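Here the structure is laid out as structure tokens; the discussion comes afterwards.
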Amino acid sequence: MMFASHSTSTAPPDVSQVMRQVLYALIPGTLLLLWFFGWGLLTNWVLAIGFGLGFEAIMLKWRQRPIQPFLLDYSVIVTAWLLAVALPAYSPWWLIAAAMLFAVVIAKHLYGGLGYNPFNPAMVGYAAMLVSYPLQMTAWPAPLDAGFGQVGFDQAMQLVFGGSSPASWDGFSAATALDTVKTDLRMHKPLTDIYALETFGWLGGKGWEWVNLAWLLGGLWLLRQRIISWHIPAAFLGSLVLIAGMFWVIDPAQYTSPLFHLFSGAAMLGAFFIATDPVTASTTPRGKLIYAAGIGLFIYIIRTWGGYPDAVAFSVIIMNMVVPLIDHYTQPRVYGT
């Protein structure tokens with residue numbers, strides 16, 4: 001997450017305090033995901049945190065670093081939590097383990113640990129799994145209005161630990177709204193017919209609109225607590241709305257509205273919880289705006305013309321690569337020069 005500026009009279013919070021605030025802000029959206037998708041989100045959460053803490057302890061011991069202080073700073077729990085809500089519900093245990101391996105071991109510790117990693121660890125783990133296991137990574141269960149998913153605890157354990165896939169359960173898995181729009185538009189179906197499908201709600205994907213509203217609520221709370229500043233969320237969402245609105249005005253029968261892009265997929269989660277990572281994001285005021293605007297632009301490009309339905313992970317990683325260049329050319333002018 002990105003620290004907001006603090007007055008000189010107030011000591012900035014330490015890492016554990018900041019991470020706790022982030023975890024609190026993630027609770028509303030996580031509870032709604034649990035409501036719509038059931039036990040699968042709970043197993044994701046438990047397994048991701050368990051594997052994350054295990055890999056963190058192993059790497060700290062291997063690097064001869066004190067284990068307890070780093071485990072108690074909550075940074076690896078934030079990474080695990082973000083991956084747990086990004087991975088499809090009922091993901092098999094080995095997929096979660098592999099995602100956490102990439103996030104904690106490869107993206108974080110092989111670069112020197114917290115504060116030295118150039119790429120967002122959670123997004124590296126997610127992107128690695130999406131490239132390697134596209135079938136499992138797109139097997140989201142269909143959300144239910146009735147609440148708490150549609151399978152019992154024993155069925156959930158079979159999905160997670162028994163080797164079966166949600167895609168093999170008739171009537172269980174369904175394409176997300178973003179995936180449905182991209183696939184059906186390529187088949188030359190009109191948007192009016194696509195929106196009439198059960199996958200869609202009143203702002204975006206069914207269920208996902210409420211989850212995104214919850215991420216927005218949590219993000220606004222982080223802004224109020226001065227844990228993050230406004231630059232990255234505003235530029236991220238603003239650029240996404242601007243480019244989506246431009247194409248929507250040109251051809252509303254072919255391009256979805258800005259509201260659909262805001263409230264489907266992981267736009268709100270990315271804007272407030274992922275792009276604001278202080279280690280991998282730009283650090284200068286102008287740089288934050290450029291960095292976040294680039295993420296919003298790439299999200300729209302990949303969602304509209306790319307091969308993946310959502311694009312937050314790839315867009316964040318792409319702009320992580322550009323951060324050193326952005327910071328170099330956006331340094332504030334030194335007083336007197």
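The values are calculated or read from the model by the stated rules, or taken from the named source; none is laboratory data. Source: prediction; values computed, not measured. Every residue, glycine among them, receives a Cβ derived from its backbone with ideal geometry; neighbour counts consider all protein chains shown. Areas reflect the complete protein model, heavy atoms only, side chains present, ligands, DNA and RNA absent. Shrake-Rupley method; radii C 1.70, N 1.55, O 1.52, S 1.80 Å.
Ordered by 1.4 Å accessible area with all protein chains kept, Thr192, Thr176, Thr280 run largest first as Thr192, Thr176, Thr280. For the stretch 131-143, putting each phi into the Karplus relation 6.51 cos²θ - 1.76 cosθ + 1.60 with θ = phi - 60° gives couplings of 6, 7, 10, x, 5, 5, 7, 10, 8, 6, x, 5, x Hz, in residue order, rounded to whole numbers and with x for Gly and Pro.
Among Gly294, Tyr308, Trp140, whose Cα projects farthest towards the positive end of the dipole of the chain, with charges put on the beta-carbon of Lys, Arg (+1) and Asp, Glu (-1)? It is Gly294, whose Cα lies furthest towards the positive end. Extension gain, Leu135 to Gln254, is 40.2 nm, computed as 0.36 nm per intervening residue step minus the present C-alpha separation. Heavy-atom accessible area for Lys61, with the other protein chains in place and a 1.4 Å probe, reaches approximately 150 Å².
The helix-only estimate of mean residue ellipticity at 222 nm for the chain, built from DSSP H runs of length n ≥ 4 each weighted as -39500 (n - 2.57), is -18000 deg cm²/dmol after division by the residue total.
Answer with a single label: of (1) 31, 22, 19; (2) 31, 27, 17; (3) 49, 22, 20, which was calculated as semi-axes √(5λ) of the Cα gyration tensor in Å from the structure in view? Here semi-axes √(5λ) of the Cα gyration tensor in Å agrees with entry (2).
For the chain, which whole-number percentage of the solvent-accessible area (1.4 Å probe, protein heavy atoms only) is attributable to carbon and sulfur atoms? So the carbon and sulfur contribution to the accessible surface is 67 percent. Magnitude of the charge dipole for the chain, about its Cα centre and with charges confined to Cβ atoms of Lys, Arg (+1) and Asp, Glu (-1), is about 920 debye.
Applied to the stretch 103-118, the Karplus parametrisation 6.51 cos²θ - 1.76 cosθ + 1.60 on θ = phi - 60° returns per-residue 3J(HN,Hα) values of 5, 8, 7, 7, 6, 10, 6, 5, 9, x, x, 4, x, 10, 6, x Hz, with x for Gly and Pro. Ranked from largest to smallest solvent-accessible area, with a 1.4 Å probe on the protein heavy atoms, Phe37, Phe153 come out as Phe153, Phe37. Sorting 15-25, 92-102 by average packing, meaning the other beta carbons within 10 Å per residue, from highest down gives 92-102, 15-25. Approximating the spin labels as points 7 Å out from Cα along Cα→Cβ, the Tyr195-to-Ala234 distance works out to 3.0 nm.
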